[in-house]
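Student: Pasting a structure below so you can have a look.
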Amino acid sequence: MSRRPLIAVNWKMHLSLSEAAALAEAISLSVATAACETVIAPPFTSISVVAEALRGSSVMLGAQNCCWAEQGAFTGEISPLMLKELGCSMVIVGHSERRQLFHEDNRMVNRRLQGAMAAGLVPVLCIGETLEQRQTDQTTAVLKEQLLECLSAVSVTDPSRLIIAYEPVWAIGTGQTASSQQAQDAHSFIRGILADMFEKTIATEIRILYGGSVKSDNVSALMAQADIDGALVGGAGLHIDSFAGIIHLV
Ligand code: PEP
């Protein structure tokens with residue numbers, strides 16, 4: 001098994017251009033002594049300055065969403081080819097904020113994911129249950145449905161071309177992390193579904209990140225779990241001290 005730990009940071013709609021450049025530079029210096037892979041997903045408008053700040057660094061560049069189409073009349077959308085041109089190698093799709101605030105459903109996430117893959121971007125597919133779904137024992141059914149629908153008609157022959165992020169909605173930005181066992185149970189379930197959808201060897205190699213209030217004081221326990229291969233970090237990725245604390249514990 002060779003699932004190299006990956007820490008992805010989603011800056012959401014935060015940071016000015018100069019703040020983004022300064023934080024990217026600080027992260028790239030800090031990562032030089034870390035064992036994990038790291039990817040930064042800035043707001044679209046900061047991608048260029050972050051790319052410049054990361055020049056020569058091992059830190060990868062990502063984005064927070066992409067359109068399914070390469071070009072055309074899609075006001076307000078960003079093409080995966082435009083992201084490639086800026087130097088992005090990954091793109092988050094299906095983040096719960098896109099689903100909840102902008103009504104993206106599994107079908108749309110599937111289209112975005114396929115567009116990303118066709119352009120050669122690695123999608124980081126976010127899935128996860130709401131608090132109500134967890135409390136009514138629907139977690140596994142929701143995760144299964146999200147995987148089946150978001151990965152419909154997707155073929156994966158190279159496990160490095162797809163990343164899954166398990167992000168329980170109730171843990172995002174709330175300070176309430178899933179316990180290591182809750183996260184491991186979900187990750188193991190997800191890997192089982194992936195094994196049914198793709199070849200078992202592929203499912204064994206696909207990285208599954210945990211996201212939801214990851215901080216330096218909980219990342220070690222999460223990363224000690226057999227099926228947790230990294231983290232998707234929000235709030236703690238907006239400051240170099242908290243982010244460096246995470247990447248140096250992985
Ligand atoms: C996220 O938005 O994907 C996330 C995990 O945020 P936070 O770390 O702030 O919970």
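Student: Pop the C-beta distance of ALA73 and ALA118 into the FRET formula with R0 = 22 Å and round what comes out to the nearest 0.05.
Tutor: Values: r = 19 Å, r/R0 = 0.86.
According to the calculation, E is roughly 0.70.
Student: Over the chain, average the accessible area per residue using a 1.4 Å probe and give it in Å², no decimals.
Tutor: 44
Student: What spacing in nm lies between the two simple spin-label points modelled at SER220 and ARG55, each 7 Å away from Cα in the Cβ direction?
Tutor: Here the modelled spin labels are 3.9 nm apart.
Student: Sticking with this structure for a sec: Based on DSSP H runs of at least 4 residues, each adding -39500 (n - 2.57), what is the mean residue ellipticity at 222 nm of the chain after dividing by all its residues, to the nearest 500 deg cm²/dmol?
Tutor: Computed ellipticity for the chain at 222 nm equals -11500 deg cm²/dmol.
Student: Of CYS67, GLY120, MET108, whose Cα points farthest to the positive end of the dipole of the chain (charges on the beta-carbon: +1 Lys, Arg; -1 Asp, Glu; origin at the Cα centre)?
Tutor: Checking the options against the dipole of the chain, the answer is GLY120.
Student: Oh, and also: How high is the relative contact order of segment 30-247, in percent, with contacts defined as C-alpha pairs under 8 Å that are six or more residues apart?
Tutor: 15
Student: For segment 186-228, what value does the Rg/Rh ratio take when both radii are computed over Cα atoms and Rh is the Kirkwood radius, given to two decimals?
Tutor: Numbers: Rg = 11.8 Å, Rh = 11.2 Å.
Ratio value, two decimals: 1.05.
Student: To continue, here is another question. If you take the charge dipole of segment 30-247 about its Cα centre, with +1 on Lys and Arg Cβ and -1 on Asp and Glu Cβ, which of THR157, ILE92, ALA51 is farthest toward its positive end?
Tutor: ALA51
Student: Can you give me the Cα centroid spacing of segment 1-75 and segment 127-202 in angstrom?
Tutor: Between the Cα centres of segment 1-75 and segment 127-202 lies a distance of 23 Å.
Student: Using only Cα atoms, what is the ratio of the radius of gyration of segment 1-135 to 2.2 N^0.38 Å?
Tutor: Ratio of Rg to 2.2 N^0.38 Å for segment 1-135: 1.08.
Student: Let me ask another. If you put +1 on each Lys and Arg Cβ and -1 on each Asp and Glu Cβ, how big is the dipole of segment 136-223 around its Cα centre, in Debye rounded to 20?
Tutor: About 180 debye.
Student: Where a ≥ b ≥ c are the square roots of the eigenvalues of the C-alpha gyration tensor, would you call segment 102-178 rounded, which needs a/c under 1.5, or, failing that, prolate if a/b is larger than b/c, or oblate?
Tutor: Because a/c hits 1.5 or more and a/b exceeds b/c, segment 102-178 counts as prolate.
Student: Assigning unit charges at the beta carbon (Lys, Arg +1; Asp, Glu -1) and nothing else, what dipole magnitude in debye, to the nearest 20, does segment 30-247 show about its Cα centre?
Tutor: 240
Student: Using R₀ = 30 Å, calculate the FRET efficiency as 1/(1 + (r/R₀)^6) where r is the Cβ-Cβ separation of ASP158 and ASP185; round to 0.05.
Tutor: 0.65
Student: With label points built 7 Å along Cα→Cβ from the Cα atoms of THR174 and THR33, find their separation and express it in nm.
Tutor: So the two model labels end up 3.6 nm from each other.
Student: In addition: Mind checking the alpha-carbon convex hull of the chain and giving the volume per residue in Å³?
Tutor: Hull volume over Cα atoms, normalised by residue count, gives 115 Å³.
Student: From the Cα gyration tensor of segment 67-206, with a ≥ b ≥ c the square roots of its eigenvalues, which class applies: rounded if a/c is under 1.5, or else prolate if a/b is larger than b/c, or else oblate?
Tutor: oblate
Student: Related question: Give me the percent of accessible area attributable to carbon and sulfur for segment 30-247, probe 1.4 angstrom.
Tutor: Carbon and sulfur atoms account for 51 percent of the accessible area of segment 30-247.
Student: While we're on this one: Among THR38, ILE246, SER220, pick out the residue whose Cα is farthest towards the positive end of the charge dipole of the chain, where Lys and Arg carry +1 and Asp and Glu carry -1 on C-beta, about the Cα centre.
Tutor: Ranked along the dipole, the leading option is THR38.
The values are calculated or read from the model by the stated rules, or taken from the named source; none is laboratory data. Only a predicted model underlies this, so the values are computations on that prediction, with no experimental measurement involved. Heads up, the Cβs are rebuilt from the backbone with ideal geometry, glycines too, and the neighbour counts pull from every protein chain shown. Just so you know, the surface numbers come from the protein's heavy atoms only, side chains and all, with ligands and any DNA or RNA stripped out. Shrake-Rupley method; radii C 1.70, N 1.55, O 1.52, S 1.80 Å.
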